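Participant: Have a look at the structure that comes next, please.
Since every read-out is calculated from the coordinates, none of them should be taken as a lab result. Keep in mind the model is a prediction, meaning the values are calculated, not measured. Here the Cβ positions follow ideal geometry from the backbone for every residue, glycine too, while neighbour counts run over all protein chains shown.
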Amino acid sequence: MPVLSLPDPPLEDALDLLNTGFECGGMITLVGECEVDYDGRASSHLPPGERLVILKPDGTLLVHRDEQRKPVNWQPPGSTHSARIDRDRLIVESVRSSPHEEIEIVFETLMQATLLELDDASDLALAGSEEDLRQRILADPDVLEAGFKAMVTERETAAGAIDIYGQDADGTPTAVELKRRRVGPDAVGQLNRYVEALERDPPSRSIRGILVAPSVTDRAEELLATEDLEFISLTTEESGLSQGRSSPNSEE
């Protein structure tokens with residue numbers, strides 16, 4: 001919850017907010033025009049621009065622009081924050097001791113300064129991950145198809161590691177690639193590279209390739225048929241796994 005929020009604050013008031021936040025272990029957000037200098041394993045300079053700066057009580061610092069997911073500058077947990085005013089500019093510093101890295105943020109103007117105290121002790125519970133799919137298939141291989149036998153996970157090939165390598169009911173070697181979200185042609189290409197790598201290993205024999213994901217794009221479905229690969233739709237839900245299937249030999 002917000003403890004203090006200051007729109008268009010004078011720099012002195014923003015400095016008081018920062019020092020209060022540092023002392024009480026709060027989360028601070030600053031929005032304004034600033035330039036950023038980094039010095040450490042390399043060095044960089046970000047010219048003036050309007051940005052969002054987040055200072056977390058664990059020492060994390062993030063500098064965000066108005067685009068992209070990742071911060072343009074950051075410091076990891078364990079860094080030490082400080083602030084001061086110099087020549088009518090608010091200067092925020094964050095220092096990491098080992099290895100030594102330092103970020104200096106110079107604000108000419110501030111549009112918003114906010115101090116928050118958040119209560120969040122919960123751990124993230126990840127559901128529907130690729131590992132979850134893998135464990136369900138290993139526990140009940142028939143969820144993939146009747147008679148499937150999983151032999152090894154992370155089977156190494158010249159093209160990379162296969163999520164699950166096994167045999168179908170007829171004893172045909174089968175490579176299974178798992179994805180937790182709807183996928184496109186890239187995932188099909190990845191599976192095809194695994195299959196081709198296996199087929200090059202002696203003794204040379206036909207390999208089945210099965211892509212497992214909630215769904216695929218139209219282009220991916222076309223590519224699956226072209227490369228003689230298969231797709232099985234599996235999604236993790238509270239009620240279990242929902243399943244669908246398509247293959248280049250299907251009449252559906």
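Participant: When only alpha-carbon atoms are used, what values of Rg and Dmax, in angstrom, describe the range 130-246?
Facilitator: 13.2, 43
Participant: Follow-up. Can you show me the helix-derived [θ] at 222 nm for the chain, built from DSSP H runs with n ≥ 4 at -39,500 (n - 2.57) apiece and divided by the number of residues, rounded to the nearest 500.
Facilitator: Values: 4 runs with 49 residues, N = 252.
So the calculated ellipticity at 222 nm is -6000 deg cm²/dmol.
Participant: If one computes the Cα centroid of the range 1-62 and of the range 179-196, what distance in Å separates the two points?
Facilitator: Taking the Cα centre of each part, the range 1-62 and the range 179-196 sit 42 Å apart.
Participant: Continuing with the same structure: I'd like the antiparallel share, as a percent to the nearest 5, of DSSP beta bridges with both residues in the range 130-246. Write down the numbers at each step before the final one.
Facilitator: Values: 18 of 28 bridges.
Of the beta bridges lying entirely in the range 130-246, close to 65 percent run antiparallel.
Participant: What FRET efficiency comes out for the pair Lys70/Met111, r = Cβ-Cβ distance, R0 = 30 Å, nearest 0.05?
Facilitator: Working: r = 22 Å, r/R0 = 0.75.
That gives a FRET efficiency of 0.85.
Participant: Grab the eigenvalues of the alpha-carbon gyration tensor for the range 66-106, scale each by 5, take roots, and send me the semi-axes largest first in whole angstrom. All intermediate terms of the calculation are to be shown ahead of the outcome.
Facilitator: Working: eigenvalues 77, 58, 10 Å².
Equivalent ellipsoid of the range 66-106: 20, 17, 7 Å, largest first.
Participant: So how far apart, in nm, are the two label points at Glu130 and Ala225 if each is 7 Å from Cα heading toward Cβ?
Facilitator: Taking the simple label geometry, Glu130 and Ala225 are separated by 2.7 nm.
Participant: Run through the DSSP bridge list for the chain and note the antiparallel percent, rounded to the nearest 5.
Facilitator: Values: 67 of 77 bridges.
Of all bridge pairs located within the chain, approximately 85 percent are antiparallel.
Participant: Can I ask one more? Work out how much length Leu138 to Ser97 would gain on full extension: take 0.36 nm times their residue separation and subtract the Cα-Cα distance, in nm to one decimal. Walk me through the numbers before you get to the answer.
Facilitator: Working: separation 41, 0.36 × 41 = 14.76 nm, distance 4.50 nm.
Length gained, Leu138 through Ser97: 10.3 nm.
Participant: List the lysines whose Cα sits under 24 Å from the Cα of Lys179, skipping any in the same chain fewer than 8 residues away.
Facilitator: Lys70, Lys149
Participant: By Kyte-Doolittle mean hydropathy of at least 0.0 and Cα axial length of at least 15 Å, which whole DSSP H helices of the chain are selected?
Facilitator: Working: long enough: 11-24 (20 Å, 0.26); 185-200 (22 Å, -0.64).
Taking the DSSP H segments of the chain (at least 15 Å long, mean hydropathy at least 0.0), we get 11-24.
Participant: In the chain, what is the volume of the convex hull around the alpha carbon atoms, normalised per residue and reported in Å³?
Facilitator: 198 Å³
Participant: Around Gly166, what is the net charge, scoring Lys/Arg as +1 and Asp/Glu as -1 over all other residues with Cβ under 10 Å from its Cβ? Intermediate results must be reported in sequence, preceding the final value.
Facilitator: Values: positive: Lys149, Arg155, Arg208; negative: Asp168.
Net charge around Gly166: +2.
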